[in-house]
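**Student:** Below is the structure I would like to discuss, written out as structure tokens.
Just so it is clear, none of the values below were taken in a lab; they were calculated from the coordinates. Predicted, not measured: the structure shown is a model, and the values here were computed from it. Ideal geometry is used to build each Cβ from the backbone, glycine not excepted, and the neighbour counts take in all protein chains shown.
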Amino acid sequence: MSALLGAALGGVIGYLYLTEQGRHVRGRIDPTLDGIVAELERARATGEKVREVAREGQRTLNDLVGEDRVRSAWESPEFGQASS
């Protein structure tokens, strides 16, 4: 299986780089591949922004939950009895 795959891949590469028609095909494929690479880079950047927003949201939620816990501890009946 590996030998067949290697032979097929070698044939395609040889065609693309050693024949005039292959050079023409490469000339048509290159702009498309450049566009795909640019789109993948934009997707990666967008993914990083989404992760940063999620981390910031998690920090904010943790801060809010932490403040509520502290506030509820101060307002709890146990604290009121202990401070009286």
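**Student:** Work out the FRET efficiency for GLN58 and LEU33 from their Cβ-Cβ distance, taking R0 = 41 Å, and round it to the nearest 0.05.
**Tutor:** On the way: r = 37 Å, r/R0 = 0.91.
For R0 = 41 Å, the calculated efficiency reads 0.65.
**Student:** So, one more: Between THR19 and THR46, what length comes free when the chain is fully extended (0.36 nm per residue of separation minus the Cα-Cα distance, one decimal in nm)?
**Tutor:** Working: separation 27, 0.36 × 27 = 9.72 nm, distance 3.97 nm.
So the chain would gain 5.7 nm between THR19 and THR46.
**Student:** For the range 11-64, just say rounded, prolate or oblate: build the C-alpha gyration tensor, square-root its eigenvalues into a ≥ b ≥ c, call rounded for a/c under 1.5, and beyond that prolate if a/b exceeds b/c, oblate if not. Kindly include the intermediate steps, with their values, before the conclusion.
**Tutor:** Values: a/c = 11.37, a/b = 5.04, b/c = 2.26.
It is prolate, given that a/c is not under 1.5 and a/b is the larger ratio.
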